[in-house]
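To start, the structure itself, in structure tokens.
Read-outs throughout are calculated quantities, based only on the coordinates presented, and are distinct from any laboratory measurement. Predicted model only: the values in this text are computed from it and were never measured. Every residue, glycine as well, gets a Cβ built from its backbone with ideal geometry; the counts of neighbours run over all protein chains shown.
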């Protein structure tokens, strides 16, 4: 009873570590954005615990740096982060078996990588799931707090000519493959890539949201005709 | 002003993560919806990859190093189920092809 959940907590931390690799150069991109927007380091960094979402934080400060209004910058940042509502729906059935406090805390660390880990691992035992989720989430959280602090203090410390930021799409391709253990899921992913490309000029990456809805609907229709 | 923007965005992004976890805490999910949700992870990851490789104007910002790097990463992920190996394969190919071209 006691050993399995402890093992799951350790597993969660270990699984989160490699997924953090692309977030490290991104933390330095964040630091540069904060500096270029003329925002004090501590205030810029405070967005890490308050918002906890790299792309959302970078969008917000980029627009503030360009002189956008608070309303415009906040709404653009929230559209960038709107995919988290998909994660919220998807995890709702799993969270039904969880205590109230975990719903509050778990939602706080519900980021891309933690969501995908929870989908790949499919842990059925509620206690094990909770420990795995929290451990992965707060491992990521701790590393993001440290690296964005370094990012705002050190600024452009990682040379961009190496192309280290390419690690982000590489990792997400790897996560996509891990989440597509069936052919129909891979087909849905391929379709989502195509639709996202067609809609890439929509503002604030809104094409992602439409691509997900369209490709999920199409794959549901397609798999209904030929049940496996 | 900046502090207000950070707090509002923080409230908004937390609300987006929490909304359905709380709203659907007692909802009996129909089988069709549960099936639909199985496709969320692969499709969002796929969409994120493409959004990282396109400019805000909708142009593809990826040449042979990027495309071959991603293909090698996908192959490594499929065969090894290891994200570190996929990162090594993807970044290695990306740097190698970039150095040759």
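Over the alpha-carbon set of chain A, divide Rg by the Kirkwood Rh and report the Rg/Rh ratio to two decimals. Result: Rg/Rh = 0.98. Our summary gives segment A:92-149 a relative contact order of 41 percent, counting only alpha carbon pairs under 8 angstrom and 6 or more residues apart.
Peptide A:53-65 has a mean shielding of 3, counted as Cβ atoms of other protein chains within 10 Å of each residue's Cβ. Peptide A:207-219 has a mean of 4 when you count, residue by residue, the C-beta atoms of other protein chains within 10 Å of its C-beta. Considering only B:50, B:67, B:21, the mean-square fluctuation computed in a Gaussian network model of chain B, springs between alpha carbons under 10 angstrom, is largest for B:21. In percent, what relative contact order does chain A have, based on Cα pairs under 8 Å that are 6 or more apart in sequence? Relative contact order for chain A comes out at 32 percent. For the pair residue A:201 and residue A:122, label points projected 7 Å from Cα toward Cβ lie 4.1 nm apart.
Of all the options A:207, A:81, A:53, the one that moves most in a Gaussian network model of chain A with Cα springs shorter than 10 angstrom is A:207. Take every pair of alpha-carbon atoms less than 8 Å apart whose residues are at least six positions apart; their mean separation over the length of chain B yields a relative contact order of 17 percent.
Arrange the following residues from fewest to most other Cβ atoms within 10 Å of their Cβ: A:174, A:88, A:147.
Values: A:174 31, A:88 23, A:147 20.
Least crowded to most crowded, the residues run A:147, A:88, A:174.
With springs only between Cα atoms under 10 Å apart, run a GNM on chain B and tell me which of B:41, B:73, B:25 wobbles the most. Evaluated over chain B, the most mobile residue of the options is B:25. Would you mind checking the tilt of helix B:2-23 against the longest principal axis of the Cα atoms of chain B, expressed as 0 to 90 degrees and rounded to 10? Once rounded, the angle reads 70 degrees. The mean count of C-beta atoms from other chains within 10 Å of the C-beta of residues in A:115-122, rounded to a whole number, is 3. What value, in deg cm²/dmol to 500, does the helix sum -39500 (n - 2.57) over DSSP H runs of n ≥ 4 give at 222 nm once divided by the residues of the protein assembly as shown? Helix contribution divided over all residues of the protein assembly as shown: -25000 deg cm²/dmol.
Against chain B, whose longest principal axis is taken from its Cα atoms, helix B:64-80 shows a tilt of about 70°.
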